[in-house]
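Quick notes on the structure that follows.
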Amino acid sequence: MQKITSLPADDALPGWYHTSQPRTPRPAHVGQKHARWAIVGAGLTGLAAARQLALNFPNDEVVLIEAQDVGFGSSGRNAGFAIDVPHDIGAKDYIGDVTTANLILKLNTLGQNYLRGIVKEHGIECQMTESGKYQAAVGEKGVAILEAYRSGLEKIGRHAEMIPGKDLPDHIGTSYYQQALYIPGTILLQPSALVKGLADNLPSNVTLYENTPITSIDYGDKVTLVHAQGTITADTLILANNAFAAHFGFLRGRLLPTFLYGSLTRPLTAEEQAQLGGKPVWGVIPAHPFGSTVRRTVDNRILMRNSFSFHPDGRPREKQLKHNIETHRKSFERRFPMLSKVDFEYSWSGAICLSDNHEGFFGQLAPNVYGALCCNGLGITRGTATGKLLADMIAGERNELIDFLVASPGPNRTPPEPFLSMGVNSVLKWGQFRAGLEV
């Protein structure tokens with residue numbers, strides 16, 4: 001029996017969760033249960049895997065287990081960009097190998113299309129808009145990044161429009177940026193509303209248990225998951241819990257649970273909307289990877305998201321959040337001086353799972369254990385796509401994208417503690433310093 005040494009413990013005020021439609025969580029599991037399939041993690045990856053597994057095996061029960069409320073954890077704490085185009089920060093043109101880039105584009109597009117179909121079929125209200133994204137630069141270094149990225153995108157047949165700073169207020173209201181690259185294809189959405197809607201519209205042979213954190217696990221011919229009020233035994237286990245997979249005994253020393261921080265304003269008044277100007281819905285990604293992500297939402301709020309920290313136990317720190325709210329305020333007022341009286345209504349941290357070599361894991365972890373893990377910041381599209389494809393692979397399907405994912409070397413090994421935390425947090429601090437006014 002292996003004890004799970006760290007459990008999710010997210011902070012209390014994730015804006016997307018509290019501004020989305022309230023729902024009644026499904027009851028926690030109590031007692032003893034056996035099923036052919038069990039999935040740990042009801043984020044985007046786990047929800048996609050559960051849905052597709054249930055469709056592939058309609059006569060089997062699929063048990064989906066979530067440690068917190070659905071939509072409260074990491075999948076409901078991101079910036080809400082469902083991005084199709086690749087963005088390889090290790091390549092000079094941010095595209096790299098064209099063959100690989102095209103496969104990543106296909107993978108992300110699969111994730112987008114899968115979500116579009118479910119949202120349309122079930123009428124899920126999640127503010128889904130086909131808005132594209134603006135990749136925006138404050139200084140000359142950032143502009144050079146945009147030019148390189150535009151060149152790379154052309155290699156995979158994706159047109160992007162360079163917009164000079166003088167025209168940007170007509171798009172995003174602010175004159176803060178020197179230049180922006182507008183890239184069609186990105187979907188903007190309300191992430192917690194999406195996840196809640198997906199959970200409430202699963203196939204009938206999926207049983208969802210919320211607020212059921214697994215405290216220990218026993219691997220063998222069958223897998224037994226133990227929690228405070230009982231056990232769940234499964235023939236086959238799928239892990240869709242990102243960095244927490246290390247606490248389940250897999251990919252130890254390879255996954256980097258990294259936190260980003262977001263703040264969401266109150267809704268803008270009609271007068272404030274007029275002062276801001278620009279389009280009613282938009283999303284800005286920074287040219288520098290350590291800069292600020294900014295959004296104007298369907299319900300007329302502004303999102304500021306920046307600042308990074310690494311916590312190997314996968315749990316946020318309240319002190320870090322308080323410090324980063326101050327950074328959000330400064331970032332907001334630099335961009336929107338006309339909105340200086342607009343307060344943040346919610347601030348929160350949200351984990352992403354990174355790897356040192358930017359590779360995720362997909363496939364078999366043990367004889368009866370599978371995983372789709374470590375999306376490296378692309379959880380909405382990549383997480384959805386890999387969850388679906390893992391369920392298809394388990395059902396015996398092989399295709400170009402499954403072969404591509406299986407062939408990945410996976411996350412590489414990182415140094416041991418305490419050197420890992422010192423090194424990663426130093427890299428994060430240096431990156432944020434170099435981003436300068438893009439934060």
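Hey, could you check segment 21-73 for residues that are in contact with a strand residue (DSSP E or B) (Cβ under 8 Å, 6 or more places away or on another chain) and β-branched (Val, Ile, Thr) and say which is farthest from residue 112 (Cα to Cα)? The extreme case among them is 30. Inspection of segment 284-294 finds a residue satisfying the criterion of being under 18 Å from residue 338 (Cβ atoms) and in contact with a Leu (Cβ under 8 Å, 6 or more places away or on another chain). If you take the residues in segment 178-201 that are among the hydroxyl-bearing types (Ser, Thr, Tyr) and not in a helix (DSSP H, G or I), which one is surrounded by the most Cβ atoms within 10 Å (Cβ to Cβ)? Out of the qualifying residues, it is 186.
Residue 387 falls short on exactly one of the conditions (1) over 21 Å from the mean Cα position of the chain (by Cα); (2) part of a helix (DSSP H, G or I); (3) in contact (Cβ under 8 Å) with a residue 12 or more places away in the chain, and that condition is (1). Among the numbered conditions (1) touching a residue at least 24 places away in the same chain (Cβ under 8 Å); (2) under 16 Å from residue 292 (Cα atoms); (3) not aliphatic (A, V, I, L, M), the only one that residue 356 does not meet is (2).
To keep it simple, each residue is scored yes or no on (1) part of a loop (DSSP other than H, G, I, E, B); (2) surrounded by 23 or more Cβ atoms within 10 Å (Cβ to Cβ).
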{"site": "48", "(1), (2)": "no, yes"}
{"site": "70", "(1), (2)": "yes, yes"}
{"site": "88", "(1), (2)": "yes, no"}
{"site": "102", "(1), (2)": "no, no"}
{"site": "108", "(1), (2)": "no, yes"}
{"site": "113", "(1), (2)": "no, no"}
{"site": "119", "(1), (2)": "no, no"}
{"site": "124", "(1), (2)": "yes, no"}
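Can you name the residue in segment 142-160 that is assigned to a helix (DSSP H, G or I) and charged (D, E, K, R) and is also nearest to residue 103 (Cα to Cα) among such residues? Among those residues, the one meeting the criterion is 155.
Of all residues in segment 202-214, those satisfying the criterion of being hydroxyl-bearing (Ser, Thr, Tyr), surrounded by 15 or more Cβ atoms within 10 Å (Cβ to Cβ) and either farther than 25 Å from residue 115 by Cα or more than 22 Å from the chain's Cα centre (by Cα) (or both) are 207, 212. For residue 31, the conditions (1) more than 17 Å from residue 201 (Cβ to Cβ); (2) crowded, with 17+ Cβ neighbours inside 10 Å all hold with the exception of (2). In this structure, is residue 5 more than 25 Å from residue 183 (Cβ to Cβ), without any contact (Cβ under 8 Å) to a residue 24 or more places away in the chain and either surrounded by 22 or more Cβ atoms within 10 Å (Cβ to Cβ) or polar (S, T, N, Q) (or both)? Spelling it out, it is not the case that residue 5 is more than 25 Å from residue 183 (Cβ to Cβ), without any contact (Cβ under 8 Å) to a residue 24 or more places away in the chain and either surrounded by 22 or more Cβ atoms within 10 Å (Cβ to Cβ) or polar (S, T, N, Q) (or both). Of all residue pairs spaced 6 or more apart or on separate chains, those with beta-carbon atoms under 6 Å, a first member in segment 286-308 that is of a type in the set (Ser, Thr, Tyr) and a second member that is outside any strand (DSSP E or B) are 292/331; 292/439; 293/79; 307/324; 307/327. Taking the conditions exactly as written (farther than 28 Å from residue 234 by Cα, surrounded by fewer than 23 Cβ atoms within 10 Å (Cβ to Cβ) and over 21 Å from the mean Cα position of the chain (by Cα)), does residue 219 satisfy them or not? No. Here the strands (runs of 3 or more DSSP E) wholly within segment 271-379 that include at least 2 residues being out of contact with any Asp or Glu (no Cβ under 8 Å at 6 or more places or on another chain) and closer than 20 Å to residue 15 by Cβ are 282-286, 293-296, 302-310, 344-354.
Just so you know, all these numbers are worked out from the coordinates, no wet-lab data involved. All figures in this text were calculated on a predicted structure; none of them were measured in a lab. Neighbour counts are summed over all protein chains in view; Cβ atoms, including those assigned to glycine, are modelled from backbone coordinates with ideal geometry.
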